[in-house]
Amino acid sequence: MTNLDFPPQYTRAGNTTHTGEVHAIPQDEQFAYGTAGFRFRAEKLPFIVYRCAYLASLRARQLDSAIGVMITASHNPAQDNGVKLVDPSGDMLSSQWEIYATEVINASDVDLPKVIRDFEKNFQRSSQSKIARGLIHNAKVVCGIDTRVSGPHLMEAARAGAALFNVKFVDIGVVSTPMLHYSVKSFNVPEFAEATHQGYYQAISDAFKELYDRTQEPDGSRYQPELIVDCANGVGAPRFRELLELIPEEKLRVEFRNENGELNHGCGADFVKIAQKMPDGFNSGAKEPKCASFDGDADRILYFRAKNGCQDGTAELFDGDRIAVLFAMYIKEQLDIYTSSKPRNSLKMGIVQTAYANGSSTRFIREHLKIEPIIVPTGVKHLHEAASEFDIGVYFEANGHGTIVFSKHFDSVVRR
Ligand SMILES: CC(=O)N[C@H]1[C@@H](OP(=O)(O)O)O[C@H](CO)[C@@H](O)[C@@H]1O
(Lines give C-alpha, C1' and ligand atoms only; values in the text may rest on other atoms or scores of the structure.)
Protein backbone atom coordinates (compact mmCIF):
# COMPACT_ATOMS: atom_id res chain seq x y z
CA MET A 1 0.00 0.00 0.00
CA THR A 2 1.09 3.56 -0.71
CA ASN A 3 3.21 5.08 1.98
CA LEU A 4 0.75 7.33 3.79
CA ASP A 5 2.18 10.78 3.82
CA PHE A 6 -0.07 13.40 5.39
CA PRO A 7 0.75 17.08 4.70
CA PRO A 8 1.29 18.58 8.20
CA GLN A 9 -1.07 21.53 7.54
CA TYR A 10 -3.96 19.06 7.29
CA THR A 11 -3.27 17.13 10.50
CA ARG A 12 -4.99 17.83 13.81
CA ALA A 13 -1.73 19.10 15.32
CA GLY A 14 -0.72 21.27 12.36
CA ASN A 15 -4.22 22.26 11.13
CA THR A 16 -3.52 25.54 9.31
CA THR A 17 -6.18 28.14 8.54
CA HIS A 18 -6.75 30.21 5.40
CA THR A 19 -4.94 33.08 7.11
CA GLY A 20 -1.85 30.92 7.61
CA GLU A 21 -2.16 30.38 11.36
CA VAL A 22 -1.79 26.98 12.99
CA HIS A 23 -5.05 26.15 14.76
CA ALA A 24 -4.38 22.78 16.43
CA ILE A 25 -7.40 20.58 17.10
CA PRO A 26 -7.01 18.65 20.39
CA GLN A 27 -7.70 14.94 20.25
CA ASP A 28 -10.55 15.20 22.72
CA GLU A 29 -12.41 17.47 20.31
CA GLN A 30 -14.78 15.06 18.57
CA PHE A 31 -17.13 15.75 15.69
CA ALA A 32 -20.20 14.15 14.11
CA TYR A 33 -21.40 14.15 10.51
CA GLY A 34 -24.77 15.92 10.85
CA THR A 35 -27.68 16.56 8.49
CA ALA A 36 -25.57 19.08 6.61
CA GLY A 37 -22.17 17.35 7.01
CA PHE A 38 -19.51 18.98 9.21
CA ARG A 39 -20.07 22.69 9.85
CA PHE A 40 -18.02 24.92 12.20
CA ARG A 41 -15.85 28.04 12.36
CA ALA A 42 -13.70 27.87 9.23
CA GLU A 43 -10.48 27.56 11.33
CA LYS A 44 -11.39 24.02 12.32
CA LEU A 45 -12.00 22.77 8.83
CA PRO A 46 -8.73 22.22 6.93
CA PHE A 47 -7.98 18.82 8.50
CA ILE A 48 -11.68 17.84 8.33
CA VAL A 49 -11.95 18.66 4.62
CA TYR A 50 -8.71 16.80 3.89
CA ARG A 51 -9.96 13.65 5.59
CA CYS A 52 -13.44 13.95 4.02
CA ALA A 53 -11.88 14.19 0.57
CA TYR A 54 -9.81 11.07 1.28
CA LEU A 55 -13.07 9.29 2.22
CA ALA A 56 -14.76 10.63 -0.92
CA SER A 57 -11.86 9.16 -2.92
CA LEU A 58 -12.42 5.77 -1.28
CA ARG A 59 -16.16 5.90 -2.05
CA ALA A 60 -15.32 6.97 -5.63
CA ARG A 61 -13.01 3.99 -6.04
CA GLN A 62 -15.44 1.59 -4.36
CA LEU A 63 -18.18 2.54 -6.87
CA ASP A 64 -15.94 3.64 -9.75
CA SER A 65 -17.93 6.88 -9.88
CA ALA A 66 -17.76 10.59 -9.27
CA ILE A 67 -18.36 11.61 -5.64
CA GLY A 68 -19.07 15.22 -4.64
CA VAL A 69 -17.49 17.37 -1.95
CA MET A 70 -19.36 20.62 -1.30
CA ILE A 71 -17.58 23.19 0.84
CA THR A 72 -20.19 25.53 2.29
CA ALA A 73 -21.79 26.60 5.55
CA SER A 74 -24.96 27.61 3.73
CA HIS A 75 -27.00 30.06 5.85
CA ASN A 76 -24.34 30.38 8.60
CA PRO A 77 -22.30 33.57 9.08
CA ALA A 78 -19.33 34.34 6.83
CA GLN A 79 -16.74 33.14 9.40
CA ASP A 80 -18.06 29.56 9.30
CA ASN A 81 -17.58 26.90 6.70
CA GLY A 82 -18.53 23.28 6.24
CA VAL A 83 -18.19 20.20 4.12
CA LYS A 84 -20.61 17.56 2.94
CA LEU A 85 -20.30 14.62 0.59
CA VAL A 86 -22.58 13.73 -2.31
CA ASP A 87 -23.21 10.21 -3.61
CA PRO A 88 -23.01 9.22 -7.31
CA SER A 89 -26.77 9.66 -7.89
CA GLY A 90 -26.45 13.29 -6.78
CA ASP A 91 -28.21 12.46 -3.49
CA MET A 92 -26.84 12.93 0.01
CA LEU A 93 -24.15 10.55 1.26
CA SER A 94 -25.43 7.12 2.36
CA SER A 95 -25.93 6.94 6.12
CA GLN A 96 -23.42 4.09 6.54
CA TRP A 97 -20.74 6.37 5.09
CA GLU A 98 -21.71 9.19 7.46
CA ILE A 99 -20.53 6.82 10.21
CA TYR A 100 -17.26 6.19 8.35
CA ALA A 101 -16.80 9.97 7.95
CA THR A 102 -17.26 10.51 11.68
CA GLU A 103 -14.74 7.74 12.41
CA VAL A 104 -12.08 9.13 10.06
CA ILE A 105 -12.45 12.70 11.40
CA ASN A 106 -12.32 11.61 15.03
CA ALA A 107 -9.13 9.52 14.66
CA SER A 108 -6.00 10.97 16.27
CA ASP A 109 -3.06 11.89 14.01
CA VAL A 110 -1.27 8.82 15.35
CA ASP A 111 -4.14 6.42 14.68
CA LEU A 112 -5.12 7.83 11.26
CA PRO A 113 -2.74 5.65 9.18
CA LYS A 114 -4.15 2.50 10.76
CA VAL A 115 -7.77 3.68 10.35
CA ILE A 116 -7.14 4.37 6.66
CA ARG A 117 -5.25 1.11 6.08
CA ASP A 118 -8.16 -0.79 7.65
CA PHE A 119 -10.68 0.97 5.39
CA GLU A 120 -8.54 0.24 2.35
CA LYS A 121 -8.11 -3.40 3.30
CA ASN A 122 -11.83 -3.91 3.93
CA PHE A 123 -12.82 -2.46 0.59
CA GLN A 124 -10.08 -4.39 -1.24
CA ARG A 125 -11.57 -7.54 0.22
CA SER A 126 -15.23 -6.86 -0.55
CA SER A 127 -16.22 -8.47 -3.84
CA GLN A 128 -18.94 -5.79 -4.21
CA SER A 129 -16.26 -3.17 -4.44
CA LYS A 130 -14.92 -2.07 -7.83
CA ILE A 131 -11.56 -1.54 -6.10
CA ALA A 132 -11.43 -5.28 -5.43
CA ARG A 133 -12.15 -6.04 -9.07
CA GLY A 134 -9.65 -3.51 -10.38
CA LEU A 135 -12.35 -1.65 -12.32
CA ILE A 136 -11.46 1.94 -11.59
CA HIS A 137 -11.80 4.24 -14.59
CA ASN A 138 -14.44 6.77 -13.58
CA ALA A 139 -13.48 7.42 -9.97
CA LYS A 140 -13.17 11.12 -9.29
CA VAL A 141 -13.77 13.66 -6.54
CA VAL A 142 -15.79 16.65 -7.76
CA CYS A 143 -15.44 19.68 -5.51
CA GLY A 144 -17.28 23.01 -5.30
CA ILE A 145 -17.10 25.97 -2.91
CA ASP A 146 -19.39 28.86 -2.01
CA THR A 147 -18.23 32.50 -1.84
CA ARG A 148 -16.56 32.45 1.61
CA VAL A 149 -12.94 33.67 1.88
CA SER A 150 -11.92 30.36 3.45
CA GLY A 151 -13.27 28.42 0.42
CA PRO A 152 -10.20 28.36 -1.90
CA HIS A 153 -7.92 27.21 0.96
CA LEU A 154 -10.34 24.39 1.79
CA MET A 155 -10.55 23.45 -1.89
CA GLU A 156 -6.76 22.86 -1.71
CA ALA A 157 -7.24 20.68 1.38
CA ALA A 158 -9.78 18.63 -0.59
CA ARG A 159 -7.41 18.36 -3.56
CA ALA A 160 -4.68 17.03 -1.23
CA GLY A 161 -7.09 14.52 0.37
CA ALA A 162 -8.10 13.10 -3.01
CA ALA A 163 -4.41 12.88 -3.98
CA LEU A 164 -3.60 10.53 -1.08
CA PHE A 165 -4.64 7.62 -3.31
CA ASN A 166 -4.12 9.51 -6.60
CA VAL A 167 -7.82 9.91 -7.36
CA LYS A 168 -8.67 12.46 -10.07
CA PHE A 169 -9.84 15.78 -8.63
CA VAL A 170 -12.24 18.07 -10.48
CA ASP A 171 -12.49 21.65 -9.19
CA ILE A 172 -15.82 23.09 -10.40
CA GLY A 173 -15.23 26.41 -8.61
CA VAL A 174 -17.82 28.63 -6.94
CA VAL A 175 -21.19 26.93 -7.33
CA SER A 176 -24.53 26.66 -5.58
CA THR A 177 -25.07 23.44 -3.63
CA PRO A 178 -27.72 22.25 -6.13
CA MET A 179 -25.19 22.75 -8.97
CA LEU A 180 -22.69 20.47 -7.21
CA HIS A 181 -25.34 17.76 -6.73
CA TYR A 182 -26.34 18.12 -10.38
CA SER A 183 -22.73 17.99 -11.62
CA VAL A 184 -22.00 14.79 -9.71
CA LYS A 185 -24.97 13.06 -11.31
CA SER A 186 -24.00 14.45 -14.72
CA PHE A 187 -20.47 13.03 -14.43
CA ASN A 188 -21.94 9.61 -13.62
CA VAL A 189 -24.89 9.63 -16.02
CA PRO A 190 -23.70 11.54 -19.11
CA GLU A 191 -27.13 11.33 -20.81
CA PHE A 192 -28.61 13.25 -17.83
CA ALA A 193 -26.85 16.54 -18.63
CA GLU A 194 -23.46 17.82 -19.73
CA ALA A 195 -21.23 18.00 -16.62
CA THR A 196 -20.39 21.70 -16.95
CA HIS A 197 -21.90 24.92 -15.62
CA GLN A 198 -23.25 25.53 -19.10
CA GLY A 199 -24.83 22.05 -19.15
CA TYR A 200 -26.63 22.84 -15.90
CA TYR A 201 -27.86 26.24 -17.12
CA GLN A 202 -29.04 24.67 -20.36
CA ALA A 203 -31.04 21.96 -18.56
CA ILE A 204 -32.63 24.33 -16.04
CA SER A 205 -33.43 27.07 -18.56
CA ASP A 206 -34.91 24.54 -21.02
CA ALA A 207 -37.15 23.19 -18.25
CA PHE A 208 -38.20 26.71 -17.27
CA LYS A 209 -39.03 27.67 -20.85
CA GLU A 210 -41.03 24.48 -21.34
CA LEU A 211 -43.00 25.10 -18.14
CA TYR A 212 -43.59 28.70 -19.23
CA ASP A 213 -44.95 27.60 -22.61
CA ARG A 214 -47.16 24.89 -21.13
CA THR A 215 -48.74 27.16 -18.55
CA GLN A 216 -49.79 29.93 -20.94
CA GLU A 217 -53.53 30.47 -20.67
CA PRO A 218 -55.73 31.15 -23.74
CA ASP A 219 -57.21 34.35 -22.23
CA GLY A 220 -53.78 35.71 -21.43
CA SER A 221 -51.57 34.62 -18.59
CA ARG A 222 -51.66 36.07 -15.09
CA TYR A 223 -47.94 35.33 -14.83
CA GLN A 224 -45.74 38.35 -14.21
CA PRO A 225 -42.14 38.03 -15.35
CA GLU A 226 -40.71 40.65 -12.95
CA LEU A 227 -38.85 39.29 -9.94
CA ILE A 228 -36.55 40.90 -7.39
CA VAL A 229 -34.02 38.47 -5.91
CA ASP A 230 -32.25 38.83 -2.55
CA CYS A 231 -29.00 36.89 -3.15
CA ALA A 232 -27.89 36.82 0.53
CA ASN A 233 -24.56 38.24 -0.74
CA GLY A 234 -23.72 34.68 -1.72
CA VAL A 235 -23.31 32.41 -4.69
CA GLY A 236 -26.85 32.92 -5.98
CA ALA A 237 -25.95 36.20 -7.67
CA PRO A 238 -23.11 35.22 -10.03
CA ARG A 239 -24.54 31.84 -10.97
CA PHE A 240 -28.14 33.04 -11.46
CA ARG A 241 -26.89 35.89 -13.67
CA GLU A 242 -25.25 33.33 -15.95
CA LEU A 243 -28.37 31.14 -16.04
CA LEU A 244 -30.50 34.16 -16.97
CA GLU A 245 -28.52 34.69 -20.16
CA LEU A 246 -30.38 31.66 -21.55
CA ILE A 247 -33.87 32.92 -20.65
CA PRO A 248 -35.54 35.60 -22.81
CA GLU A 249 -36.53 38.79 -21.01
CA GLU A 250 -40.21 38.47 -21.81
CA LYS A 251 -40.22 35.23 -19.79
CA LEU A 252 -38.20 36.36 -16.77
CA ARG A 253 -36.83 39.77 -15.77
CA VAL A 254 -34.76 39.74 -12.61
CA GLU A 255 -33.44 42.59 -10.53
CA PHE A 256 -30.62 41.47 -8.23
CA ARG A 257 -30.13 42.79 -4.69
CA ASN A 258 -27.64 41.89 -1.95
CA GLU A 259 -24.88 40.71 -4.25
CA ASN A 260 -21.64 41.93 -2.70
CA GLY A 261 -22.10 42.71 1.00
CA GLU A 262 -21.56 40.51 4.06
CA LEU A 263 -22.79 36.97 3.50
CA ASN A 264 -26.19 36.16 5.08
CA HIS A 265 -26.09 39.40 7.09
CA GLY A 266 -29.47 41.14 7.33
CA CYS A 267 -30.59 39.25 4.28
CA GLY A 268 -31.06 35.78 2.80
CA ALA A 269 -33.81 33.20 3.15
CA ASP A 270 -33.01 32.31 6.76
CA PHE A 271 -33.11 35.97 7.83
CA VAL A 272 -36.42 36.61 6.07
CA LYS A 273 -37.99 33.43 7.48
CA ILE A 274 -36.89 33.95 11.07
CA ALA A 275 -37.31 37.74 11.32
CA GLN A 276 -40.37 37.83 9.01
CA LYS A 277 -38.83 41.08 7.79
CA MET A 278 -37.92 42.54 4.43
CA PRO A 279 -34.17 41.99 3.92
CA ASP A 280 -31.66 44.85 3.62
CA GLY A 281 -31.95 46.73 0.37
CA PHE A 282 -35.70 46.21 0.03
CA ASN A 283 -38.19 49.00 0.33
CA SER A 284 -40.76 48.16 3.01
CA GLY A 285 -43.38 50.68 2.00
CA ALA A 286 -43.23 50.49 -1.79
CA LYS A 287 -45.31 48.09 -3.78
CA GLU A 288 -42.59 45.89 -5.23
CA PRO A 289 -43.24 42.99 -7.56
CA LYS A 290 -42.61 39.38 -6.54
CA CYS A 291 -39.55 39.09 -4.30
CA ALA A 292 -37.54 35.95 -3.60
CA SER A 293 -34.67 35.18 -1.28
CA PHE A 294 -31.86 32.61 -1.54
CA ASP A 295 -29.60 31.52 1.30
CA GLY A 296 -25.79 31.70 1.01
CA ASP A 297 -25.38 28.55 -1.11
CA ALA A 298 -28.71 29.02 -2.93
CA ASP A 299 -30.21 25.69 -1.94
CA ARG A 300 -33.36 27.23 -0.53
CA ILE A 301 -35.78 29.84 -1.75
CA LEU A 302 -38.65 31.79 -0.23
CA TYR A 303 -40.97 34.29 -1.85
CA PHE A 304 -42.15 37.39 0.01
CA ARG A 305 -43.49 40.91 -0.28
CA ALA A 306 -43.98 43.85 2.06
CA LYS A 307 -47.04 43.23 4.21
CA ASN A 308 -49.94 45.35 3.09
CA GLY A 309 -50.33 48.50 5.13
CA CYS A 310 -47.20 47.86 7.26
CA GLN A 311 -44.49 50.48 7.03
CA ASP A 312 -42.24 48.74 9.58
CA GLY A 313 -40.60 46.27 7.19
CA THR A 314 -42.79 43.29 8.07
CA ALA A 315 -42.72 40.73 5.27
CA GLU A 316 -45.51 38.48 4.16
CA LEU A 317 -43.99 35.12 3.29
CA PHE A 318 -44.71 32.59 0.65
CA ASP A 319 -42.57 29.94 2.33
CA GLY A 320 -41.78 26.26 1.79
CA ASP A 321 -45.17 25.16 3.16
CA ARG A 322 -47.02 27.32 0.65
CA ILE A 323 -44.71 26.29 -2.19
CA ALA A 324 -45.41 22.63 -1.34
CA VAL A 325 -49.17 23.18 -1.29
CA LEU A 326 -49.09 25.05 -4.59
CA PHE A 327 -47.09 22.30 -6.32
CA ALA A 328 -49.20 19.57 -4.73
CA MET A 329 -52.47 21.19 -5.87
CA TYR A 330 -51.22 21.53 -9.43
CA ILE A 331 -49.81 18.01 -9.63
CA LYS A 332 -52.88 16.45 -8.00
CA GLU A 333 -55.08 18.13 -10.60
CA GLN A 334 -52.91 16.77 -13.44
CA LEU A 335 -52.78 13.36 -11.82
CA ASP A 336 -56.57 13.18 -11.48
CA ILE A 337 -56.98 14.01 -15.19
CA TYR A 338 -54.38 11.40 -16.08
CA THR A 339 -55.85 8.69 -13.85
CA SER A 340 -59.37 9.22 -15.19
CA SER A 341 -58.09 8.55 -18.71
CA LYS A 342 -55.77 5.68 -17.72
CA PRO A 343 -57.34 4.12 -14.61
CA ARG A 344 -55.01 1.14 -14.67
CA ASN A 345 -51.81 3.18 -14.45
CA SER A 346 -51.93 4.13 -10.83
CA LEU A 347 -49.32 6.62 -9.63
CA LYS A 348 -48.85 7.34 -5.96
CA MET A 349 -48.23 10.87 -4.78
CA GLY A 350 -46.85 11.74 -1.33
CA ILE A 351 -46.16 14.99 0.50
CA VAL A 352 -43.41 15.18 3.11
CA GLN A 353 -43.09 17.89 5.76
CA THR A 354 -41.30 18.36 9.10
CA ALA A 355 -42.68 19.23 12.52
CA TYR A 356 -41.91 22.88 11.74
CA ALA A 357 -44.54 22.94 8.99
CA ASN A 358 -47.36 25.39 9.53
CA GLY A 359 -50.34 23.45 10.91
CA SER A 360 -52.74 25.04 8.43
CA SER A 361 -50.72 23.71 5.50
CA THR A 362 -50.78 20.20 6.97
CA ARG A 363 -54.54 20.48 7.52
CA PHE A 364 -55.13 21.79 4.00
CA ILE A 365 -53.18 18.89 2.49
CA ARG A 366 -55.11 16.39 4.59
CA GLU A 367 -58.59 17.86 4.18
CA HIS A 368 -58.57 19.34 0.67
CA LEU A 369 -56.07 17.21 -1.19
CA LYS A 370 -57.03 14.08 0.76
CA ILE A 371 -53.37 13.15 1.22
CA GLU A 372 -51.96 12.31 4.65
CA PRO A 373 -48.65 14.21 4.90
CA ILE A 374 -45.62 12.25 6.09
CA ILE A 375 -43.79 14.03 8.92
CA VAL A 376 -40.04 13.41 9.28
CA PRO A 377 -37.20 15.00 11.32
CA THR A 378 -35.54 18.21 10.06
CA GLY A 379 -32.82 17.72 7.44
CA VAL A 380 -33.12 17.47 3.67
CA LYS A 381 -31.92 13.87 3.59
CA HIS A 382 -34.85 12.73 5.76
CA LEU A 383 -37.40 14.44 3.55
CA HIS A 384 -35.75 13.24 0.36
CA GLU A 385 -35.65 9.65 1.53
CA ALA A 386 -39.33 9.64 2.51
CA ALA A 387 -40.42 11.39 -0.72
CA SER A 388 -38.48 8.84 -2.81
CA GLU A 389 -40.93 6.14 -1.67
CA PHE A 390 -43.61 7.64 -3.94
CA ASP A 391 -44.01 7.95 -7.71
CA ILE A 392 -44.32 11.70 -7.13
CA GLY A 393 -42.83 12.91 -3.86
CA VAL A 394 -43.31 16.59 -2.99
CA TYR A 395 -41.13 17.68 -0.09
CA PHE A 396 -40.46 21.07 1.45
CA GLU A 397 -39.24 22.36 4.76
CA ALA A 398 -40.98 25.55 5.90
CA ASN A 399 -37.63 27.36 5.50
CA GLY A 400 -37.60 26.82 1.73
CA HIS A 401 -35.50 23.65 1.14
CA GLY A 402 -37.28 21.21 -1.06
CA THR A 403 -38.10 19.78 -4.42
CA ILE A 404 -40.24 17.16 -6.14
CA VAL A 405 -38.89 13.71 -6.92
CA PHE A 406 -40.27 11.31 -9.52
CA SER A 407 -39.82 7.53 -9.52
CA LYS A 408 -38.57 5.41 -12.41
CA HIS A 409 -42.09 3.95 -12.53
CA PHE A 410 -43.49 7.46 -13.06
CA ASP A 411 -41.07 8.03 -15.93
CA SER A 412 -41.88 4.77 -17.65
CA VAL A 413 -45.68 5.08 -17.23
CA VAL A 414 -45.92 8.72 -18.28
CA ARG A 415 -43.52 8.45 -21.23
CA ARG A 416 -45.47 5.42 -22.48
C1 LIG B 1 -28.95 19.98 3.78
C2 LIG B 1 -29.66 20.13 5.08
O3 LIG B 1 -30.07 19.14 5.66
N4 LIG B 1 -29.77 21.38 5.54
C5 LIG B 1 -30.36 21.73 6.83
C6 LIG B 1 -29.70 23.03 7.27
O7 LIG B 1 -29.94 24.02 6.30
P8 LIG B 1 -28.79 24.77 5.46
O9 LIG B 1 -29.50 25.64 4.44
O10 LIG B 1 -28.00 23.68 4.80
O11 LIG B 1 -28.02 25.56 6.42
O12 LIG B 1 -30.26 23.47 8.49
C13 LIG B 1 -31.68 23.74 8.46
C14 LIG B 1 -32.13 24.13 9.85
O15 LIG B 1 -31.56 25.29 10.23
C16 LIG B 1 -32.42 22.47 8.01
O17 LIG B 1 -33.77 22.82 7.88
C18 LIG B 1 -31.85 21.95 6.70
O19 LIG B 1 -32.49 20.75 6.36
Margin query: Of the conditions (1) in a loop (DSSP other than H, G, I, E, B); (2) in contact (Cβ under 8 Å) with a residue 60 or more places away in the chain, ARG239 satisfies every one except a single condition; which number is it?
Written below: (1)
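Residues checked against (1) modelled with pLDDT under 95; (2) hydrophobic (A, V, I, L, M, F, W, C):
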residue	(1), (2)
ILE131	yes, yes
LYS140	no, no
LEU154	no, yes
GLY161	no, no
VAL167	no, yes
MET179	no, yes
SER183	no, no
PHE192	yes, yes
Item checked: Residues being within 16 Å of the ligand (Cβ to nearest atom) and among the hydrophobic types (A, V, I, L, M, F, W, C) - total across the range 355-377 -> 5
Check: Does VAL380 satisfy being within 16 Å of the ligand (Cβ to nearest atom) and either open to solvent by 20 Å² or more (accessible area, probe 1.4 Å) or over 21 Å from the mean Cα position of the chain (by Cα) (or both)?
Finding: yes
Next item on the list: Identify the residue in the range 1-25 that is in contact with a Ser or Thr (Cβ under 6 Å, 6 or more places away or on another chain) and under 19 Å from ASP80 (Cβ atoms) and, among all such residues, is surrounded by the most Cβ atoms within 10 Å (Cβ to Cβ).
Entry: HIS18
Notebook entry, point to check: Would it be correct to say that TYR100 is in the same structural domain as ALA162 (by TED's automatic domain parsing) and either more than 29 Å from GLN128 (Cα to Cα) or buried (at least 23 other Cβ atoms within 10 Å of the Cβ) (or both)?
Noted result: no
Notebook entry, point to check: Of everything in the range 387-405 that's within 14 Å of the ligand (Cβ to nearest atom) and open to solvent by 20 Å² or more (accessible area, probe 1.4 Å), which residue is farthest from GLN334 (Cα to Cα)?
Noted result: ASN399
Check: Which condition number in (1) within 16 Å of the ligand (Cβ to nearest atom); (2) open to solvent by 50 Å² or more (accessible area, probe 1.4 Å); (3) in contact with a strand residue (DSSP E or B) (Cβ under 6 Å, 6 or more places away or on another chain) is the one that VAL352 fails?
Finding: (2)
Next item on the list: State yes or no: is ARG39 at negative phi, touching a residue at least 24 places away in the same chain (Cβ under 8 Å) and assigned to a loop (DSSP other than H, G, I, E, B)?
Entry: no
Check: Which one is surrounded by the fewest Cβ atoms within 10 Å (Cβ to Cβ), of the residues in the range 108-122 that are among the hydrophobic types (A, V, I, L, M, F, W, C) and in contact (Cβ under 8 Å) with a residue 40 or more places away in the chain?
Finding: PHE119
Checklist line | Search result, residues across the range 69-94 that are within 13 Å of the ligand (Cβ to nearest atom) and either surrounded by fewer than 24 Cβ atoms within 10 Å (Cβ to Cβ) or on the phi > 0 side of the Ramachandran plot (or both) | finding: SER74, ASN76, PRO77, ASP80, ASP91, MET92, LEU93
Next item on the list: State which residue is surrounded by the most Cβ atoms within 10 Å (Cβ to Cβ) when the search covers only the range 26-42 and only residues that are under 25 Å from GLY379 (Cβ atoms) and away from the ligand (no atom under 16 Å from the Cβ).
Entry: PHE31
Margin query: Which of the numbered conditions does THR215 fail, given that it passes all the others? Conditions: (1) more than 18 Å from ALA315 (Cβ to Cβ); (2) within 16 Å of the ligand (Cβ to nearest atom); (3) open to solvent by 40 Å² or more (accessible area, probe 1.4 Å).
Written below: (2)
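For (1) modelled with pLDDT of 95 or more; (2) of a type in the set (Phe, Trp, Tyr); (3) under 20 Å from the mean Cα position of the chain (by Cα), each residue gets a yes or a no:
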site	(1), (2), (3)
VAL49	yes, no, yes
TYR54	yes, yes, no
LYS84	yes, no, yes
LEU93	yes, no, yes
ASP118	yes, no, no
PHE123	no, yes, no
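Starting from residues that are outside any helix (DSSP H, G or I) and away from the ligand (no atom under 16 Å from the Cβ), keep the ones in the range 314-336 and report whichever is nearest to GLN353 (Cα to Cα).
Looking at the filtered set, the residue picked out is PHE318.
The values are calculated or read from the model by the stated rules, or taken from the named source; none is laboratory data. For clarity, every value in this text was computed on a predicted model and none was experimentally measured. Positions of Cβ are backbone-derived with ideal geometry, glycine not excepted, and every protein chain shown enters the neighbour counts. Please note that ligands, DNA and RNA were not included when accessible areas were found on the heavy atoms of the full protein model with its side chains. Shrake-Rupley method; radii C 1.70, N 1.55, O 1.52, S 1.80 Å.
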